[in-house]
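Q: Input: one structure, supplied below.
The values are calculated or read from the model by the stated rules, or taken from the named source; none is laboratory data. Just so it is clear, the model here is predicted, and its values are computed rather than measured. Every residue, glycine among them, receives a Cβ derived from its backbone with ideal geometry; neighbour counts consider all protein chains shown. Each accessible area value is taken on the protein alone, full model and side chains, heavy atoms only, with ligands, DNA and RNA left out. Shrake-Rupley method; radii C 1.70, N 1.55, O 1.52, S 1.80 Å.
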Amino acid sequence: QVQLVESGGGSVQAGGSLRLSCAAPEYKYSSKCMGWFRQAPGKEREVVASIYTGDSSTYYADSVKGRFTISQDGAKYTVYLQMNSLKPEDTAMYFCAADLLLCSGPVVADIGTAWGQGTQVTVSS
């Protein structure tokens with residue numbers, strides 16, 4: 001199996017910032033859709049943001065627009081999620097996904113999608 005390498009999670013006070021990173025194998029990165037999902041306890045997994053690495057087009061969930069930014073570094077086969085103005089409601093396990101089937105409206109994974117193990121983000125009041 002292919003598992004993505006995630007980093008950058010942690011604990012932060014409300015209003016603070018974190019940056020998540022996700023590295024993928026080249027064949028799961030180039031001209032593919034990569035995205036970030038999150039899952040809070042007792043809730044369904046939801047898409048946070050996605051980026052198509054071919055042209056850097058992006059998608060954001062309404063709940064994070066204006067606060068989160070997804071970007072990429074093609075030389076490193078890495079995507080980032082810059083999270084600013086964090087709220088307690090952002091507390092969740094964050095998962096990176098590579099080679100998504102659809103990149104927006106909606107974001108859809110399939111059996112070929114590779115996933116990270118998850119990185120915990122905790123925002124305290």
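Q: Give 79, 48, 12 a once-over and let me know the one that is assigned to a strand (DSSP E or B), without any contact (Cβ under 8 Å) to a residue 60 or more places away in the chain and under 27 Å from residue 125 (Cα atoms).
A: 48
Q: If I filter segment 24-50 down to residues being aromatic (Phe, Trp, Tyr) and over 22 Å from residue 66 (Cβ atoms), which single residue comes out as most open to solvent (accessible area, probe 1.4 Å)?
A: Ranking the qualifying residues of segment 24-50, first place goes to 27.
Q: Tell me, please, whether a residue that is open to solvent by 40 Å² or more (accessible area, probe 1.4 Å), of a type in the set (A, V, I, L, M) and more than 19 Å from residue 2 (Cβ to Cβ) can be found in segment 14-23.
A: Yes: segment 14-23 contains one or more residues that are open to solvent by 40 Å² or more (accessible area, probe 1.4 Å), of a type in the set (A, V, I, L, M) and more than 19 Å from residue 2 (Cβ to Cβ).
Q: Anything in segment 55-71 that is polar (S, T, N, Q) and farther than 20 Å from residue 108 by Cβ? List them, or say none.
A: Of everything in segment 55-71, those that are polar (S, T, N, Q) and farther than 20 Å from residue 108 by Cβ turn out to be 69, 71.
Q: Counting just the residues of segment 51-70 that are of a type outside the set (Gly, Ala, Ser) and part of a loop (DSSP other than H, G, I, E, B), which one comes out farthest from the chain's Cα centre (by Cα)?
A: Here the answer is 55.
Q: Quick check on segment 1-13: of everything there that is at pLDDT below 95 and more than 15 Å from the chain's Cα centre (by Cα), which residue is most open to solvent (accessible area, probe 1.4 Å)?
A: This residue is 1.
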